[in-house]
Amino acid sequence: MKSIKLFALAALAFLPLGMQAQKLHESASLESSHLWRGLEVGNGLILNNDVSISDNNNHFKIGLWGGMAVDGDYKEADVYMNYNNSGFNLAVWDLWNFSPGDQTFNGKPTGLANVGNGKYFTWDARKTTHLLDAAISYNFGATCNFPLTLTWSTLLVGRDRGAANEQNVYSTWVQAAYRLYDSKDWAIDASVAGAFALNPYDDDKYPEEHNNLYGKSAGVNDIRLGATYKLKVGKFNMPVTGQMMWNPEASKAYFRATITLLDL
């Protein structure tokens, strides 16, 4: 797990830059379930919080993200670095889900993913609970009047090893997102995404092994349609979103409602 260690060292190396910039950000939201790349990772009322520091131009950012269900069944603590400039975005996230007694993923046994031993400072590939995710995206709307965003994300190391736990499969997720409508009060967004493994298990040797972290087979796993009302309370923006997500690969569908509580 040298890659995760290098990520942590790089994050510390950039802290002086962030401290000199003296630009802090804080955001919080409340959602009815936590949906991530075709999966319902947590259900019930969930509070998310994000605190970060950036340079004055908001090009480079380093931050901490956390989510917790009110009943305590879902808990997550992430560290990330992000670079953004003229629509181009590069992000690296260390994801750590430490939900108590978590021996399942997406409501299924550990066959879908190696959940690790649950200890934060375990970096061994066969035991870690971490996932190191690298994503690159481009927002065409930043440079021209075309609100399309394309994203490619690959899990580099961590518990992306399947039940056999013998190799990294490099689960990859690609998405195209488009803003269908945008006005002073409303926004409507749609997206479609699919998942596959760059290094899948041999089907003959492991016929029951999942193709990637997100599903048993490669294919379209995340179709979304959502509407956002741009609620404003005093001087604070508190948008409310209702969103439907369909997962054709798993033959499932979810609905989520979200309100932004704070965005500074």
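The values are calculated or read from the model by the stated rules, or taken from the named source; none is laboratory data. Computed from a prediction, not measured in an experiment: that's the story for all the values here. No Cβ is skipped: glycine too gets one built from the backbone with ideal geometry, and neighbour counts run over all protein chains shown. Ligands, DNA and RNA are stripped out before the accessible areas are found, and what is left, the full protein with its side chains, is counted by its heavy atoms. Shrake-Rupley method; radii C 1.70, N 1.55, O 1.52, S 1.80 Å.
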Just to verify a number: what accessible area does residue 262 come out at with the full protein assembly present, 1.4 Å probe, Å² rounded to tens? 50 Å²
Using alpha-carbon coordinates, inclination of helix 2-21 to the longest axis of the chain, degrees: 10 degrees
Separation between Cα centres of the range 241-263 and the range 158-195, rounded to whole Å: 12 Å
Evaluate the charge dipole of the chain about its Cα centre and quote only its size in Debye, nearest 20, assuming +1 on the Cβ of each Lys and Arg and -1 on the Cβ of each Asp and Glu. 460 debye
Among 72, 251, 24, whose Cα projects farthest towards the positive end of the dipole of the chain, with charges put on the beta-carbon of Lys, Arg (+1) and Asp, Glu (-1)? 24
Among rounded, prolate and oblate, which fits the range 113-162 when a ≥ b ≥ c are the square roots of the eigenvalues of its C-alpha gyration tensor, a/c under 1.5 means rounded, and a/b larger than b/c means prolate? prolate
Calculated from DSSP H runs of 4 or more alone, at -39500 (n - 2.57) each and per residue, what is the 222 nm mean residue ellipticity of the chain, nearest 500? -2500 deg cm²/dmol
When only Cα pairs under 8 Å and 6 or more residues apart are kept, what is the percent relative contact order across the chain? 15 percent
Starting from the Cα of residue 55, step 7 Å along the direction of its Cβ; do the same at residue 164; then give the gap between the two resulting points in nm. 4.4 nm
Among the listed pairs 23/235; 61/127; 75/232; 75/252; 119/252; 184/235, give every one whose C-alpha distance is greater than 25 Å. 61/127; 75/232; 119/252
Hey, for a label at residue 252 modelled as a point 7 Å past Cα toward Cβ, could you say which residues of the range 199-217 have their backbone N under 20 Å away? 208-217
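For residue 98 and residue 240 in one chain, what is 0.36 nm times their gap in residues minus the Cα-Cα distance, to one decimal in nm?
Here the segment from residue 98 to residue 240 would lengthen by 48.3 nm.
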Note the listed values [x] 50, 39, 30; [y] 58, 43, 40; [z] 56, 39, 38, then indicate which one is Cα extents along the principal axes in Å calculated from this particular structure. [y]
If you build a Gaussian network model of the chain, linking Cα atoms that sit under 10 Å apart, which residue out of 142, 164, 176 swings the most? 142
